Amino acid sequence: GSASLHDEEVRPESEGVLSKGASSLSAEVCLARIRSAVEKRDAGAVVRAMSARGEDETVQVEGCSALVLLTPCSEAAEFRAVAEQAGPAWLALQREYRQLARSGSVEGVIAAAAAHRSCAEVQEAMCRIVLCISRPALELEELTKQCDRVGAVCEAMAAHMEDEAVQEMACGALRNLAVDAAHQAHMLQVESGGPVSLVLSAMAANAHSARVQEHGCGFLRNLAEGGSEGLAASGGVKAILSAMEAHAWDARVQEEGCGALRHLAFNRHGRERIVREGAVGRVVGAMEQHPWTEGVQVEAVGAVRILALEHGAALAEHGGVPALLLAMAEHVTSPHVQEEGCGAIRNLAAGDEAVRRLLAGSEGAGAVLVAMKGHAWHAAVQEEGCAALRNLAMHDNCRRRLARTGAAIVVRAAVKGH
């Protein structure tokens, strides 16, 4: 006869080995349990069914797929939309994810991936769930830190380097994991077969995939926040530049690429490599091609701000000054663009005399004054704006222009207000 959903186990033969028919029946029971668990939204029941037939690939594929279905807001856009509301829907989503983490889902998919390394469907599902549950905004690190998520994702990448879907999810998972300081020290090891090496290989092998490039650049960006020593030299700048050139019209790739270059530029060796490999022109190109995308402008202007410390002439040569002023004009209501823009003008005006003259003749001071007047309440804008005006005032022509435009009044207001 056939087994019901309530059958806990199939009785073994006297020799202690399941017969062919019993093995097939047990798999059918597990598959039925998984389908029933999805209807009840019971992730724990899915994990238990998977555990009962860990060696059966069909059961593991079905179970992993079920856990993906039970993962709320698995798509990035949907997740961002709920998170940005910061209301009841966001609180409910956080509760759902905590329940998912406590259900053993992460352990379940990692175990499935370890047992079925050659199955791309299992590997993709595992990486997707790790990506989702490791989103920094969820703050679930304490509930999942016992799982070797980095190791599992790296194993999937190594086994399926040419599989775009696996690499997209894997790079996205490492991107989220790289935010946590506990993972950064391990990830910053750039040895062959490590996370950095695998992400760079994935970006090279899937150059056509915008999402692999986006996640790869995002991974390098997050990792660089923990320390950029060695990342630029390991091929990071080259990979970012290739991604940005191949997907010049993809705003998400440009935003993450500029962000990665920005953080790599905090290190002097990183700045030198960025300039040497021609990435300055690519940053300016991103600003010109995505003038109305705030995220791109924040990261690109931020990169210009850091590069301007020592490479103002290179920025000027590639049209960085007009691109910077256009960004500030197009995003006059964005405190982030204005802060980074004032900081960039501050650094440019402190450097090369020819660049300072260029700023003086191209309304650089006017852009700073507009930023300060429009964001009088924002301390960082006021601080960077005052410093920019101070450096600009070192040029005679600009000093006279500042006196005529009432810069002193704006500076006094900033001092009084902060």
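The values are calculated or read from the model by the stated rules, or taken from the named source; none is laboratory data. Please read all numbers here as calculations on a predicted model, not as lab measurements. FYI the Cβ positions are ideal-geometry reconstructions off the backbone, even for glycines, and counts take in every protein chain you see. Ligands, DNA and RNA are excluded from the accessible area calculation, which covers all protein heavy atoms including side chains. Shrake-Rupley method; radii C 1.70, N 1.55, O 1.52, S 1.80 Å.
Quick look at the values:
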item: Tabulated pairs, segment 52-78, first under 18 Å from residue 29 (Cβ atoms) and at pLDDT below 95, second in a helix (DSSP H, G or I) and β-branched (Val, Ile, Thr), C-beta under 6 angstrom, 6+ apart or interchain; result: 53/59
item: Cβ pairs under 6 Å, 6+ apart, first in segment 329-340 and under 16 Å from residue 379 (Cβ atoms), second crowded, with 16+ Cβ neighbours inside 10 Å and of a type in the set (Phe, Trp, Tyr); result: none
item: Residues located in segment 397-409, provided they are assigned to a helix (DSSP H, G or I), under 19 Å from residue 332 (Cα atoms) and either in contact (Cβ under 8 Å) with a residue 60 or more places away in the chain or open to solvent by 20 Å² or more (accessible area, probe 1.4 Å) (or both); result: none
item: Residue list for segment 249-272, restricted to those being buried (at least 17 other Cβ atoms within 10 Å of the Cβ) and either on the phi > 0 side of the Ramachandran plot or part of a loop (DSSP other than H, G, I, E, B) (or both); result: 250, 265, 267
item: Some residue of segment 321-333 being of a type in the set (Ser, Thr, Tyr) and closer than 18 Å to residue 375 by Cβ; result: yes
item: Residue within segment 87-110 that is open to solvent by less than 60 Å² (accessible area, probe 1.4 Å) and touching a Phe, Trp or Tyr at 6+ places or on another chain (Cβ under 6 Å) present; result: no
item: Some residue of segment 170-186 being outside any helix (DSSP H, G or I), surrounded by fewer than 23 Cβ atoms within 10 Å (Cβ to Cβ) and at pLDDT 95 or above; result: no
item: Positions within segment 195-223 being open to solvent by 10 Å² or more (accessible area, probe 1.4 Å) and either in a loop (DSSP other than H, G, I, E, B) or of a type in the set (Gly, Ala, Ser) (or both), in sequence order; result: 197, 201, 204, 205, 207, 208, 210
item: Number of positions in segment 281-296 that are surrounded by 24 or more Cβ atoms within 10 Å (Cβ to Cβ), β-branched (Val, Ile, Thr) and touching a residue at least 40 places away in the same chain (Cβ under 8 Å); result: 1
item: Where residue 314 falls short, out of the listed (1) modelled with pLDDT under 95; (2) under 14 Å from residue 392 (Cα atoms); result: (2)
item: Hits in segment 27-56 - residues which are assigned to a helix (DSSP H, G or I) and open to solvent by less than 20 Å² (accessible area, probe 1.4 Å); result: 27, 29, 30, 34, 37, 43, 44, 46, 49, 50
item: Residue ID - farthest from residue 35 (Cα to Cα), chosen from residues in segment 57-73 that are outside any helix (DSSP H, G or I) and hydrophobic (A, V, I, L, M, F, W, C); result: 73
item: Per-region count, segment 84-103, residues in contact (Cβ under 8 Å) with a residue 60 or more places away in the chain and within 20 Å of the chain's Cα centre (by Cα); result: 0
item: Filtered residue count, segment 360-372, keeping only those that are open to solvent by less than 60 Å² (accessible area, probe 1.4 Å) and either modelled with pLDDT of 80 or more or among the aromatic types (Phe, Trp, Tyr) (or both); result: 8
item: Pick from segment 226-237, criterion crowded, with 17+ Cβ neighbours inside 10 Å and part of a helix (DSSP H, G or I), ranking: modelled with the highest pLDDT; result: 237
item: Top-ranked residue in segment 373-396 [being of a type in the set (Asp, Glu) and within 32 Å of the chain's Cα centre (by Cα); ranked as surrounded by the fewest Cβ atoms within 10 Å (Cβ to Cβ)]; result: 383
item: Flag if residue 275 is among the hydrophobic types (A, V, I, L, M, F, W, C) and open to solvent by 40 Å² or more (accessible area, probe 1.4 Å); result: yes
item: Filter result (part of a loop (DSSP other than H, G, I, E, B) and open to solvent by less than 10 Å² (accessible area, probe 1.4 Å)) within segment 316-342; result: 334
